[in-house]
């Protein structure tokens, strides 16, 4: 499964709560993973540029 974009602006509070609960349940079961790349904070500029250019290995997670 891959999520490319999402907005919940038109959902009711109850619908948003149900969606967050569903995502949390997937995380708890281990059935949801997010591609990510851990990068030292000192390399944030280059990592963000790679992400903007489409060359990052998923989301950028900065490590202090």
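The values are calculated or read from the model by the stated rules, or taken from the named source; none is laboratory data. The model shown is predicted, which means the values in this text are computed figures rather than measured ones. Don't worry about glycine lacking a Cβ; one is built from the backbone with ideal geometry, like all the others, and counts go over all protein chains shown.
Being at pLDDT 90 or above, part of a helix (DSSP H, G or I) and surrounded by 12 or more Cβ atoms within 10 Å (Cβ to Cβ) is the requirement here; does residue 24 meet it? Criteria not met by residue 24.
If you go through the stretch 27-64 and keep only what is in contact with a helix residue (DSSP H, G or I) (Cβ under 8 Å, 6 or more places away or on another chain), surrounded by 10 or more Cβ atoms within 10 Å (Cβ to Cβ) and not in a strand (DSSP E or B), you end up with 32, 56.
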